[in-house]
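Presented below is the structure to which this report refers.
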Amino acid sequence: MSKFIGNKSFYKMVLLIAVPIMIQNGITNFVGLLDNIMIGQVGTEQMSGAAIVNQLIFVYNLCMFGGVSGAGIFTAQYYGQGNAEGVRQTMRFKCWMAFVVTALTIGLFLGGGTFLIDSYLKGEGTPEDAAATLLYGKQYLYIMLAGLPAFAVVQIYASTLRECGQTVLPMKAGIVAVFVNLIFNYLLIYGKMGLPQMGVRGAAIATVLSRYVEMCIVVCFVHKDRQTYPFMEGLYRTMKLPKELVIKILKKGSPLLFNETLWAAGVAMLTQCYSVRGLNVVAGLNVSGTVNNVFNIVFIALGDSVAIIVGQLLGAGKMEEARDTDNKMIAFSVFCCTCVAIVMLFFAPVFPKFYKINDEARTLAKYFIMATAVCMPQNAFLHAAYFTLRSGGKTVITFLFDSVFIWCVSVGIAFTLSRFTAIPVIWVYVLVQLGDLIKCAIGFVLVKKGIWLHNIVEKD
């Protein structure tokens, strides 16, 4: 058991990295839950419209994450090597990538937003409800687009800080931002303190405002404290990049960009498959998804920690220590998430009661939450295995492991069962989750073989 259990100093090291990420994501997702409940109090159509748009923007968020993560593999290893100029170069690459991804996304949503929202409204329900949901979704989308540039800047800075082990500043900025979001949600959704009652539009304005607040905090503090963040010195003296580094990042990073984009699109497609069973399913998935995000912070933060800690060890050439650390971190993640899953199962019937939705949607939400809870240990292992493979630059394998699997297996199961059988939607959802057991077996073999034990910045 000593292979999977670390000593006190090991867990202290892991928690120093993971806890700030958990706190930031936890507060963000908890406020997202309150935000969702507030919109849900206004009406099912407004909540469903916002939920559909958030599912679409989720694709952008993951695309941005994939775009900066390719360079982030090099950032972590450069930092472990003590190469500050290497960190600066990877950050400049992220700036260019963020600009391209954000510009393309805004153009896509401005031109095709109506079509994308409408694709989720083909299930059972009245034409009036569908039309209202489409209207509210469009209102929400066009305001949310204004916040994408701020989100991109935060991703550039926060991802770099985390890859260098500096997780506290992004946490603090995130905490301030979510409270700004929460306060203005209350004021603008319901029209308090003399402000207009704007419903779903107020929720979008509050979110955009909070993103710019978060951006200002991160950027200002990082550039003010050059001693703590020496790699920021001279960052914008030039935006030119060495051709050799760009080629290396694109070779390693392009599969990550495509992976995150296609994986997020796969998740959106899964929701669209479930939505053909009716608008109540969309409402139930929205409630369960928001609740699930609050509990998922544990395995997400621990997975991010794998990428940071193991990546730095690989960059420093400590291969055996990296393998040993990775084994212990995966075991720790699965154990923690098993405990969280038990709590989640206990509270599953409680959360849907906070929403003003009909009984069918509330019941579906409860069972969706319970199904996710049962599968949480499995998801914890998959997340840690994914970041293990990624830390060593095995991005083509992670592309096959993640995106190809979700489209070929998960979407295939959901599409077939939702359209060509009468199986209740909750069982369709469960069978899709159980399909990930195949990926668990593949991930176990890949991690155990140690194909990820690779220093990709050694020659630098």
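The values are calculated or read from the model by the stated rules, or taken from the named source; none is laboratory data. Predicted model only: the values in this text are computed from it and were never measured. Note that we place each Cβ from the backbone using ideal geometry, even for glycine, and neighbour counts take in every protein chain shown. Protein only, heavy atoms only, side chains kept; ligands, DNA and RNA dropped before computing areas. Shrake-Rupley method; radii C 1.70, N 1.55, O 1.52, S 1.80 Å.
For segment 1-241, what is one quarter of the convex hull surface built on the Cα atoms, given in nm²?
Working: hull surface 67.5 nm².
Its Cα hull, projected and averaged over all orientations, spans 16.9 nm².
Per residue, how big is the convex hull of the chain when only Cα atoms are used? Give it in Å³. The partial results should precede the final answer.
Working: hull volume 64.1 nm³, N = 460.
Measuring per residue, one finds 139 Å³ for the Cα hull of the chain.
So for segment 245-459, what percent of the C-alpha to C-alpha distances run longer than 32 Å? Present the calculation step by step, with values, prior to reporting the outcome.
Numbers: 5246 of 23005 pairs.
Taking all Cα-Cα pairs of segment 245-459, the fraction more than 32 Å apart is 23 percent.
Mind jotting down the three principal axis lengths of segment 112-188 based on Cα atoms? Whole angstrom, largest first.
Answer, in whole Å and largest first: 51, 28, 22 Å.
Highest mean first, what order results for 436-447, 284-295 on Cβ atoms within 10 Å? Before the final figure, lay out the partial values.
Working: 436-447: 15.9, 284-295: 23.7.
Output ranking for 436-447, 284-295: 284-295, 436-447.
Can you give me the P(r) profile for segment 385-440? Cα pairs, bins 5 angstrom wide beginning at 0, each as a whole percent.
4, 19, 25, 18, 13, 9, 7, 4, 1
When you count, for each residue, the other Cβ atoms within 10 Å and take the mean per peptide, how do 418-427, 158-167 rank with the highest first?
On the way: 418-427: 13.7, 158-167: 23.1.
Output ranking for 418-427, 158-167: 158-167, 418-427.
Taking 25 °C and 0.890 mPa s as the conditions, I'd like the Stokes-Einstein D for segment 215-370 in µm²/s, using the Kirkwood hydrodynamic radius from alpha carbon pairs. Please report the intermediate quantities before stating the final value.
Working: Rh = 19.9 Å.
Rounded, D is 123 µm²/s.
Tell me, what is the per residue accessible area of the chain in Å², probe radius 1.4 Å? Could the numbers behind the result be given before it?
On the way: 19140 Å² over 460 residues.
So the chain comes to 42 Å² accessible per residue, rounded to a whole number.
For F415 and F335, what is the calculated FRET efficiency with R₀ set at 35 Å and r taken between the beta-carbons, to the nearest 0.05? Could you put the intermediate results ahead of the total?
Working: r = 35 Å, r/R0 = 0.99.
My answer for the efficiency is 0.50.
Cross-link candidates for K192: which aspartates and glutamates have Cα within less than 19 Å, leaving aside residues fewer than 8 places away along the same chain?
D35
Keeping all protein chains in position, work out how much accessible area E260 exposes to a 1.4 Å probe, and write it in Å² to the nearest 10.
Counting only protein heavy atoms, the figure is 10 Å².
Given segment 245-459, what count of lysine pairs have C-alpha atoms under 23 Å apart, with each pair 8 or more places apart or on different chains?
Within segment 245-459, the lysine pair count is 29.
How large a share of the accessible area of the chain, in percent, is made up of carbon and sulfur atoms when the probe is 1.4 Å and the other protein chains stay in place? Walk me through the intermediate numbers first.
Values: 13080 of 19140 Å².
Ligands and nucleic acids excluded, carbon and sulfur reach 68 percent.
Using just the helices of the chain, give the 222 nm mean residue ellipticity in deg cm²/dmol: DSSP H runs with n ≥ 4 each add -39,500 (n - 2.57), and the total is spread over all residues, rounded to 500. Write down the numbers at each step before the final one.
Values: 16 runs with 360 residues, N = 460.
Calculated mean residue ellipticity at 222 nm is -27500 deg cm²/dmol.
Enter the Cα centre distance for the pair segment 431-457 and segment 178-205, rounded to the nearest angstrom.
The distance from the Cα centre of segment 431-457 to that of segment 178-205 comes to 44 Å.
Under the rule a/c < 1.5 gives rounded, and otherwise a/b versus b/c splits prolate from oblate, where does segment 191-261 land using the Cα gyration tensor?
Details: a/c = 4.11, a/b = 1.67, b/c = 2.46.
Oblate, because a/c is 1.5 or more while a/b does not exceed b/c.
Based on the Cα gyration tensor of segment 298-423, what are the three equivalent ellipsoid semi-axes, each the root of five times an eigenvalue, rounded to whole Å and given largest first?
Its equivalent ellipsoid spans semi-axes of 34, 20, 10 Å.
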